Amino acid sequence: MTTAAQTQEELAAQNALQTKDLVQVPAEGAVAVVKTNKSYAAALLEGMKADFLAVNDGMDLDFVYLGSWLTMDKKGIFVEKDGKEDVKTRVAYGDTIDVIVAQGEKRWTLWGKKDSPEDGQLIVAEREEKDAIAKLENWLEQHPEAEDRYDSNSAKLCYLAYVIPVKTLSPDDYPKIYLMSFPPTATIQYGKYAFNGVFQGKYKALGIPARTGMASVVTRIGNVEAGSGSETYLALTFEPVGPFRPEEYGVNPNGDVGAQQAE
């Protein structure tokens, strides 16, 4: 993720330090090699980010604004955000999805309001509130017609998760890595699931010992209707499937995360 104060060279150096002994950034057209000093999922994600930066050196690209987003449609089906309205061609996973949460961070986030001209657009996704306010105010200056829909405080603190659907794991290529934005209520529920559940050993019967990291657990994300009367909405739910063992999904935790990409 880039900031105005960071140059592309600084980002590359930072990624090199973060992924030292974990990721070997390959020549152009090859896929990074991941070791297992960290969890497989976390190292895989860092390898993909490093690979992305390496092949786009000097482009000042932000992974968050460019990544593929996973969301729910109005029926509670998890779908890729891009193209979700076309039921014939969209990528859909059903009303639950089994994932590894490879990484997460809090971000001040604002999506375009439903049925507005910017519906579905990611307007703001910044780490710091002051940066989110500045970015939003700059956006409003460029879109004065939107001032009746948003103000400088419209961005909300949400949890941004990088999730890997386990069904996309493959020994031959990168899996799908999606960004999911958990709204404030789901952020709280996920935190409770992570700490009160996984970390404290609530799921030992499933083979998940206490003090297990979230990237080492297969999590089933679903949804349930919440609210009352006409004010109902679909709330995210989180439950464990079991420990994540890469070899059970056909990938070697000590080997390549993918094969040579086609030229």
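Can you find a residue in the range 47-69 that is part of a strand (DSSP E or B) and either under 19 Å from P183 (Cβ atoms) or of a type in the set (G, A, S) (or both)? Lay out the reasoning, then the answer.
Filtering the range 47-69 down to residues part of a strand (DSSP E or B) leaves 69.
Restricting the remaining residues to those that are either under 19 Å from P183 (Cβ atoms) or of a type in the set (G, A, S) (or both) gives 69.
The answer is yes; a qualifying residue exists.
Pick from the range 119-162 the residues that are within 26 Å of Y178 (Cβ to Cβ) and of a type in the set (V, I, T): which of them is surrounded by the most Cβ atoms within 10 Å (Cβ to Cβ)?
Among them, the one singled out is V124.
Which one of these does N196 not meet: (1) closer than 22 Å to A102 by Cβ; (2) touching an Asp or Glu at 6+ places or on another chain (Cβ under 6 Å); (3) open to solvent by 20 Å² or more (accessible area, probe 1.4 Å); (4) of a type outside the set (D, E, K, R)?
Against the list (1) closer than 22 Å to A102 by Cβ; (2) touching an Asp or Glu at 6+ places or on another chain (Cβ under 6 Å); (3) open to solvent by 20 Å² or more (accessible area, probe 1.4 Å); (4) of a type outside the set (D, E, K, R), N196 comes up short only on (2).
Which condition number does F238 fail, the rest of (1) within 22 Å of L110 (Cα to Cα); (2) touching a residue at least 24 places away in the same chain (Cβ under 8 Å) being met?
Of the numbered conditions (1) within 22 Å of L110 (Cα to Cα); (2) touching a residue at least 24 places away in the same chain (Cβ under 8 Å), the odd one out for F238 is (1).
Could you grab me the full set of residues in the range 169-202 that are touching a Pro at 6+ places or on another chain (Cβ under 9 Å), more than 26 Å from Q121 (Cβ to Cβ) and among the hydroxyl-bearing types (S, T, Y)?
Correct list: Y193 only.
So Q121 clears everything in (1) free of Cβ contacts under 8 Å to residues at least 60 places away in the same chain; (2) touching a Lys or Arg at 6+ places or on another chain (Cβ under 7 Å) except one condition, right? Which one?
Going through the list (1) free of Cβ contacts under 8 Å to residues at least 60 places away in the same chain; (2) touching a Lys or Arg at 6+ places or on another chain (Cβ under 7 Å), Q121 breaks only (2).
Pairs, please: C-beta under 8 Å, at least 6 apart or cross-chain, first residue touching a residue at least 60 places away in the same chain (Cβ under 8 Å) and in the range 127-149, second outside any loop (DSSP other than H, G, I, E, B) and surrounded by 14 or more Cβ atoms within 10 Å (Cβ to Cβ)?
Taking only residues 6 or more apart or on different chains, the pairs are R127/R107; R127/W108; D131/W108.
Looking at S170, S116, which is the one that is surrounded by fewer than 16 Cβ atoms within 10 Å (Cβ to Cβ), part of a loop (DSSP other than H, G, I, E, B), touching a helix residue (DSSP H, G or I) at 6+ places or on another chain (Cβ under 8 Å) and not basic (K, R)?
S116
Can you name the residue in the range 200-232 that is under 21 Å from F78 (Cα atoms) and among the small types (G, A, S) and, of all such residues, is most open to solvent (accessible area, probe 1.4 Å)? Steps first, answer last, please.
To start, the set of residues in the range 200-232 that are under 21 Å from F78 (Cα atoms) comprises 214-215, 217-227, 232.
Filter again for among the small types (G, A, S), leaving 215, 222, 226-227.
On the way: A215: 17, G222: 3, A226: 22, G227: 55 Å².
Going through the qualifying residues, I end up with G227.
Is it the case that some residue within the range 214-228 is within 18 Å of Y93 (Cβ to Cβ), of a type in the set (A, V, I, L, M, F, W, C), assigned to a loop (DSSP other than H, G, I, E, B) and modelled with pLDDT of 95 or more?
No, the conditions are met nowhere in the range 214-228.
The values are calculated or read from the model by the stated rules, or taken from the named source; none is laboratory data. Note that the coordinates shown come from a computational prediction; the quantities given were computed from them, not determined experimentally. Because the Cβ atoms are built from the backbone with ideal geometry, glycine has one as well, and the counts that use them run over all protein chains shown. When the accessible area is computed, the model is the full protein with side chains, heavy atoms only, and any ligands, DNA or RNA have been set aside. Shrake-Rupley method; radii C 1.70, N 1.55, O 1.52, S 1.80 Å.
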